[in-house]
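The values are calculated or read from the model by the stated rules, or taken from the named source; none is laboratory data. Please read all numbers here as calculations on a predicted model, not as lab measurements. Please note: Cβ atoms are built from the backbone with ideal geometry, for glycine as well, and neighbour counts cover all protein chains shown.
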Amino acid sequence: MNRSVSGIGMTSQRTRGRMIERLREQGIRDERVLTAIAAVPRHVFVEEALASRAYEDTALPLGFSQTISQPYIVARMIEVLRDGRELGKTLEIGAGCGYQAAVLAQLTDEVYAVERIELLLAKAKLNLRAIQQFKVRLKYADGQLGLPEAAPFDTIIVAAAASCVPTALLQQLALGGRMLLPLGAGDQFLLLIERHAQGYVETRLDGVRFVPLLSGLE
């Protein structure tokens, strides 16, 4: 049975609703972000054996030493990037299973997502096809190098922790754009970077825990 259509059925609808209420309780206020998350069936993007845990507020393993981020982190990061503006042309670094890209595609028509692990990218393509989400442009590429052929981007969201801010991503951020990435090797935090005519403005936000942002291809 196809999980994307009826695998968890009404149970997933109920648990999705509880997930959204929990996000509200955790402080997510942007209703468009909540609606976007509610629209994406997270159970499609996790391993079948973990489908019953898909709507828990926890990161889950994807294989290849990667994880799907917990719903709160996805909501929090997108809410910070939206805050008073539209996302515009958006680049995701670390497509993983495709879940966050699917949420982003509910909020903007231009989503580019890069992934350095070829087998994981193939899984993301299958997952997005299963929910008939065709707006996301996926690319097998080294995320630290960004996607120069499609730059500049109004929004850049990074789904792995960098030890320092990749220069290529700074250069690909449009004037007036925002980038949000986890930073740090030990203690990690979210760093918001806004590009203005006078330069870049950085704001340190929540403590987080992400897998490391690696270079090269697999």
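Can you confirm whether segment 64-72 contains a residue that is farther than 26 Å from E118 by Cβ and among the aromatic types (F, W, Y)? So far as segment 64-72 goes, yes, one or more of its residues are farther than 26 Å from E118 by Cβ and among the aromatic types (F, W, Y). Looking across R24, R32, R14, one residue alone is over 30 Å from L173 (Cβ atoms), modelled with pLDDT of 95 or more, of a type outside the set (A, V, I, L, M, F, W, C) and assigned to a helix (DSSP H, G or I). It is R24. Only residues that are of a type in the set (F, W, Y) and buried (at least 23 other Cβ atoms within 10 Å of the Cβ) were counted across segment 56-85, and they come to 0.
Do we have V136 as within 15 Å of the chain's Cα centre (by Cα) and farther than 19 Å from L175 by Cα here? Spelling it out, V136 is indeed within 15 Å of the chain's Cα centre (by Cα) and farther than 19 Å from L175 by Cα. Regarding I37, is this residue assigned to a helix (DSSP H, G or I) and closer than 16 Å to E79 by Cα? When the stated conditions are applied, I37 passes them.
For L213, the test of being touching a residue at least 40 places away in the same chain (Cβ under 8 Å), surrounded by 12 or more Cβ atoms within 10 Å (Cβ to Cβ) and closer than 15 Å to L81 by Cα is failed. Name the residue, out of G94, G88, G143, that is buried (at least 24 other Cβ atoms within 10 Å of the Cβ), at positive phi and modelled with pLDDT of 95 or more. Sole residue among the options that is buried (at least 24 other Cβ atoms within 10 Å of the Cβ), at positive phi and modelled with pLDDT of 95 or more: G94. A Cβ distance below 7 Å, combined with a sequence gap of six or more or placement on separate chains, defines the contacts here; from segment 63-87, residues that are in a loop (DSSP other than H, G, I, E, B) reach residues that are at pLDDT below 95 in the pairs S65/V211; S69/A59; Q70/D57; Q70/T58; Q70/A59.
One line per residue, one yes/no per condition, for (1) loosely packed, with under 15 Cβ neighbours inside 10 Å; (2) touching a helix residue (DSSP H, G or I) at 6+ places or on another chain (Cβ under 7 Å); (3) assigned to a loop (DSSP other than H, G, I, E, B); (4) of a type in the set (G, A, S):
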residue: A185; (1), (2), (3), (4): yes, no, yes, yes
residue: F189; (1), (2), (3), (4): yes, no, no, no
residue: T203; (1), (2), (3), (4): yes, no, no, no
residue: G207; (1), (2), (3), (4): yes, no, no, yes
residue: E218; (1), (2), (3), (4): yes, yes, yes, no
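Tallying residues that are under 18 Å from A101 (Cα atoms) and without any contact (Cβ under 8 Å) to a residue 60 or more places away in the chain within segment 152-172 yields 1. Only residues that are under 15 Å from the mean Cα position of the chain (by Cα) and outside any strand (DSSP E or B) were counted in segment 143-160, giving 4.
Once segment 97-118 is narrowed to residues that are closer than 16 Å to L214 by Cβ and touching a residue at least 60 places away in the same chain (Cβ under 8 Å), the residue that is surrounded by the fewest Cβ atoms within 10 Å (Cβ to Cβ) is E118. Screening R85, R116, R137 for residues that are among the charged types (D, E, K, R) and closer than 19 Å to P166 by Cβ leaves exactly one candidate, R116.
Looking only at segment 82-132, how many residues end up being more than 26 Å from G176 (Cβ to Cβ) and polar (S, T, N, Q)?
Looking only at that region, the number is 2.
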